[in-house]
Amino acid sequence: MADTALRPRLRDSVIVQADGGTLLFLCLADRTVKRFACDEFVKDVVVLLDGTRTITEIGALACGGRPDARERVAEVVQILEHEGLLSRVADPALEFRLLGTARAEFYDRQLRLFQDFCDQGWSPETSGAALQRRLGEATAVVCGVGGLGGWVALALAGAGVGRIRVCDFDRVEVSNLTRQVLFGMADLGVPKVDAAAARLREVNPFIEVEAVARRIGGAGDLADVVKGADIVINAADLPTPNDVAGWVSEACWPDIPHIMGTGYAYHIGVLGTSIIPGRTACWACVRAETFADHGRDGLETVVGKRDRAGAMGALSGLVGNILAWEAIRILAGLPPALGDRWSEVDFWPLEIRSRAVPQRPDCPTCGR
């Protein structure tokens, strides 16, 4: 790149400290520390890497300039770039403003996080604004907006997913209010999707919200709900979590990524799995891997699932926000975390446990 165009800038997540003739680069993004021997000239150069100066201009300012200043600055920049310590844009604020002043201010902190993802190399995009634009152009469907789906929808709305479609059949009850974050006392008796849509529109004025009041009884009930979606998050559990998961997966296959977060109760939260057609194991693979656990496939149910299970807002919020984070990653083109495995979080020791779910070559749904 021409010297007049290149204006190197340290990543915002990097703190630099000096220890005599050593510089320590503290990388907050991955909690690593990188050490380099240096002299006063290098220290001056590092301080000047703020994205406002060219290599020639930095060389003229560092230690009052020297005959080989430009070459030495170029060498320092090359090393820091190789170590992943430089940002991929000189002026991120300028990039952010391409979204419009109002959006740039609204999403400011998130844009800076996205910028660091780009600087880390987790995205082919160079600017955090590009990741935000992806979210703004996306459509997400949340099936079930109760204790789990409400948190998912809220996080997606705050992140700026452009169109959110919520689907549920229930009405708000007083026992919902301790854990279902989208509702208040004034919403008692109101259809959940209507109250949820109103709340989400309040949270973010830059998104669209669609409410679908419907009881899901099969994949056919979801055909129009998932149409045009870029991600579908299953957070419904009636008549059973596995039934709804199967219907959601059937409705989404083979075009729409879907996250099968099937719920939470007591001290276990089910994060489930992310299914990206053509890239990960499908729902049939998951069922084949887990259906016969403990020999349960041949057992008769004597006492079934209770109508009411123990739950708490802090715990449902933890699961819901993890699922929302996974959805945001997929929509932004970042690497997903829950694919090809089945994951659960145990709230008591705060541990996430996962088991691998391989894509079966002979799977009738996704096998090659």
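So that you can scan it fast, the table gives a plain yes or no per residue for (1) of a type outside the set (A, V, I, L, M); (2) at pLDDT below 95; (3) crowded, with 21+ Cβ neighbours inside 10 Å:
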| position | (1), (2), (3) |
| --- | --- |
| V203 | no, no, no |
| L222 | no, no, yes |
| K227 | yes, no, no |
| I231 | no, no, yes |
| N242 | yes, yes, no |
| M260 | no, yes, yes |
| I268 | no, yes, no |
| E289 | yes, yes, no |
| K305 | yes, yes, no |
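So is R88 open to solvent by 60 Å² or more (accessible area, probe 1.4 Å) and under 23 Å from D230 (Cα atoms) or not? Taking the combined requirement at face value, the residue does not satisfy it. Considering the range 1-53, and only residues there that are among the aromatic types (F, W, Y) and more than 33 Å from the chain's Cα centre (by Cα), the residue that is nearest to D116 (Cα to Cα) turns out to be F36.
Looking only at residues of the range 247-258 that are more than 29 Å from W348 (Cα to Cα) and outside any loop (DSSP other than H, G, I, E, B), we find that the one that is most open to solvent (accessible area, probe 1.4 Å) is E250. Can you name the residue in the range 341-354 that is within 26 Å of G278 (Cα to Cα) and without any contact (Cβ under 8 Å) to a residue 24 or more places away in the chain and is also least open to solvent (accessible area, probe 1.4 Å) among such residues? The selected residue is S354.
Just name the residue that is nearest to the chain's Cα centre (by Cα) out of those in the range 66-107 that are acidic (D, E) and more than 26 Å from L26 (Cα to Cα).
E105
Looking only at the range 103-118, which residues are touching a residue at least 40 places away in the same chain (Cβ under 8 Å) and among the aliphatic types (A, V, I, L, M)? Working first, answer last.
Of all residues in the range 103-118, those touching a residue at least 40 places away in the same chain (Cβ under 8 Å) come to 103, 106-107, 110, 112, 114-117.
None - no residue of the range 103-118 is touching a residue at least 40 places away in the same chain (Cβ under 8 Å) and among the aliphatic types (A, V, I, L, M), so the list stays empty.
Within the range 141-171, the residues that satisfy the criterion of being in contact with a Lys or Arg (Cβ under 8 Å, 6 or more places away or on another chain), modelled with pLDDT of 95 or more and open to solvent by 10 Å² or more (accessible area, probe 1.4 Å) are L154, D168, F169, D170, R171. In the set (1) under 15 Å from D168 (Cα atoms); (2) over 18 Å from the mean Cα position of the chain (by Cα), R201 fails one condition alone, (1). Number of residues in the range 177-207 that are under 19 Å from G158 (Cα atoms), among the small types (G, A, S) and part of a helix (DSSP H, G or I): the value is 4. Candidates are the residues of the range 270-280 that are among the polar types (S, T, N, Q) and either open to solvent by 30 Å² or more (accessible area, probe 1.4 Å) or part of a loop (DSSP other than H, G, I, E, B) (or both); the one that is nearest to F347 (Cα to Cα) is T273.
When the range 19-35 is limited to residues that are closer than 19 Å to E75 by Cβ and at pLDDT 95 or above, the one that is most open to solvent (accessible area, probe 1.4 Å) turns out to be R35. Of all residues in the range 260-271, those that are touching a residue at least 60 places away in the same chain (Cβ under 8 Å) and closer than 15 Å to R341 by Cβ have Cβ atoms under 8 Å from Cβ atoms of residues that are part of a strand (DSSP E or B) and of a type in the set (F, W, Y), 6 or more apart or on another chain, in V270/Y264.
Applying the criterion of being part of a loop (DSSP other than H, G, I, E, B) and acidic (D, E) to the residues of the range 307-340, the residue that is most open to solvent (accessible area, probe 1.4 Å) is D307. Filtered by the rule that a residue be in a helix (DSSP H, G or I) and within 30 Å of R133 (Cβ to Cβ), the range 208-239 gives L222, A223, D224, V225, V226. State yes or no: is G121 open to solvent by less than 50 Å² (accessible area, probe 1.4 Å), of a type in the set (G, A, S) and in contact (Cβ under 8 Å) with a residue 24 or more places away in the chain? So G121 fails the test. Evaluating R109 against the criteria (1) closer than 20 Å to L154 by Cβ; (2) of a type outside the set (F, W, Y); (3) open to solvent by less than 30 Å² (accessible area, probe 1.4 Å); (4) in a helix (DSSP H, G or I) leaves one unmet condition, (3). Within this structure, E95 fails the test of being part of a helix (DSSP H, G or I), out of contact with any Gly (no Cβ under 9 Å at 6 or more places or on another chain) and open to solvent by 20 Å² or more (accessible area, probe 1.4 Å).
The values are calculated or read from the model by the stated rules, or taken from the named source; none is laboratory data. The model shown is predicted, which means the values in this text are computed figures rather than measured ones. Positions of Cβ are generated from backbone atoms using ideal geometry, with glycine treated the same way; all protein chains shown enter the neighbour counts. Side chains included, ligands, DNA and RNA excluded: accessible areas come from the protein's heavy atoms. Shrake-Rupley method; radii C 1.70, N 1.55, O 1.52, S 1.80 Å.
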